[in-house]
Amino acid sequence: MQREMKIGVGVLAEKRKAVSQWVDVIWRPVAVLIGETGFKPGTVVVHDSAFTRYFMGHADIECHAAETEAYVHNMESAEPALYVVLRADEDGPLPYCVHTVTASPYQAQDLEDAAEDIIERVAMPRAVLELLHDFVAEHHVEREFKKRKRREIRLEDQKFGKEPIFVTGRSGKGNGHDK
């Protein structure tokens, strides 16, 4: 039984002129295409007066049996999504490259710690949703939440081999306050 699955995808991103005094353009992932596309990173797919859409590159969505709870959470939402992470790339044809694509909202949240990355939620293609659904059906195990019960601790039973530091009441045993 295979406990991992990889789905090959291609990523499209838009470059738009920014309405800001601090940045000139905004890059944003907008779509994921399933399978081999035949495009090379940097290929212009759509050019319009308002934006240019580029093919950013290929990536594998890696699904693991231990993470099925996250996939279930994603698929039960109103609009299942993939999370695309673009990372700065000084050597490539574009200023960003595809770092990762994931179906796990938990992993996407963890990746948000890197402030330089661009992370966007994009619509999950139906073919990816079907593959993910089959994977979850095969591997997901519903785990019942069990609240931990605390044991009652009696302080008088706690002995550490030393005399108490603080003495309640007057014992007259030289606690520094005798006169």
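The values are calculated or read from the model by the stated rules, or taken from the named source; none is laboratory data. All values derive from a computational prediction rather than experimental measurement. Please note: Cβ atoms are built from the backbone with ideal geometry, for glycine as well, and neighbour counts cover all protein chains shown.
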Task: region 100-151, subset part of a loop (DSSP other than H, G, I, E, B) and surrounded by 14 or more Cβ atoms within 10 Å (Cβ to Cβ), residue modelled with the lowest pLDDT - done: H140
- [ ] Would you be able to tell me the number of residues in region 82-95 that are crowded, with 20+ Cβ neighbours inside 10 Å and either of a type in the set (A, V, I, L, M, F, W, C) or at pLDDT below 95 (or both)?
- [x] 4
Task: Candidate set: region 117-134, residues that are more than 19 Å from the chain's Cα centre (by Cα) and among the hydrophobic types (A, V, I, L, M, F, W, C); chosen: the one farthest from E69 (Cα to Cα) - done: A127
Task: Which numbered condition I26 misses (of (1) surrounded by 13 or more Cβ atoms within 10 Å (Cβ to Cβ); (2) closer than 18 Å to A103 by Cα) - done: (2)
Open item on the list: Regarding region 2-25, can at least one residue be identified that is closer than 22 Å to H140 by Cβ, over 22 Å from the mean Cα position of the chain (by Cα) and not in a strand (DSSP E or B)?
Closed with: yes
Open item on the list: Can you confirm whether T37 is modelled with pLDDT of 95 or more, polar (S, T, N, Q) and either surrounded by fewer than 19 Cβ atoms within 10 Å (Cβ to Cβ) or assigned to a loop (DSSP other than H, G, I, E, B) (or both)?
Closed with: no
